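Written below as structure tokens is the structure these notes are about.
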Amino acid sequence: MAASGEQRDEVAFSVPFDGSLALSDVLSEWLMIECAGCGCSTSYSVAALMADRGDLQLAHLLDEIASNCQTQRGVGEPNPCQALFRT
């Protein structure tokens, strides 16, 4: 909170109606995804992702990337992929 007499800058941004963030909402040039399950870590160019997939919602992007996860596709009991976005 700003002290009395201080000016605050307010930042406005739009969030889609359903509350999902999309690639166009990412402020950095690179998006990192890490998986605690298999230990993989990959950086993706946001511009390249936009060119390839369009303005995809981040949750859908994570699902697409996790669909190739070796841990998730293992034999036996299902192991959900533990991929997460990192900043």
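The values are calculated or read from the model by the stated rules, or taken from the named source; none is laboratory data. Because the structure is a prediction, the values reported are computed rather than measured. Cβ: placed from backbone, ideal geometry, glycine included. Neighbour counts: every protein chain shown.
Determine if region 19-34 includes at least one residue that is in contact with a strand residue (DSSP E or B) (Cβ under 8 Å, 6 or more places away or on another chain), modelled with pLDDT under 75, farther than 21 Å from GLN82 by Cα and not aliphatic (A, V, I, L, M). No, region 19-34 has no match at all.
For ALA83, are the conditions met, namely being among the small types (Gly, Ala, Ser), modelled with pLDDT under 85 and in contact with a strand residue (DSSP E or B) (Cβ under 6 Å, 6 or more places away or on another chain)? When the stated conditions are applied, ALA83 passes them.
Restricting attention to region 30-60 and to residues that are assigned to a helix (DSSP H, G or I) and aliphatic (A, V, I, L, M), the residue that is surrounded by the fewest Cβ atoms within 10 Å (Cβ to Cβ) turns out to be ALA51.
Examine region 61-74 for a residue that is modelled with pLDDT of 85 or more and crowded, with 16+ Cβ neighbours inside 10 Å, and state whether such a residue exists. Yes, there is a match, as at least one residue in region 61-74 is modelled with pLDDT of 85 or more and crowded, with 16+ Cβ neighbours inside 10 Å.
When residues in region 27-46 are screened for being out of contact with any Phe, Trp or Tyr (no Cβ under 9 Å at 6 or more places or on another chain) and aliphatic (A, V, I, L, M), 2 of them pass.
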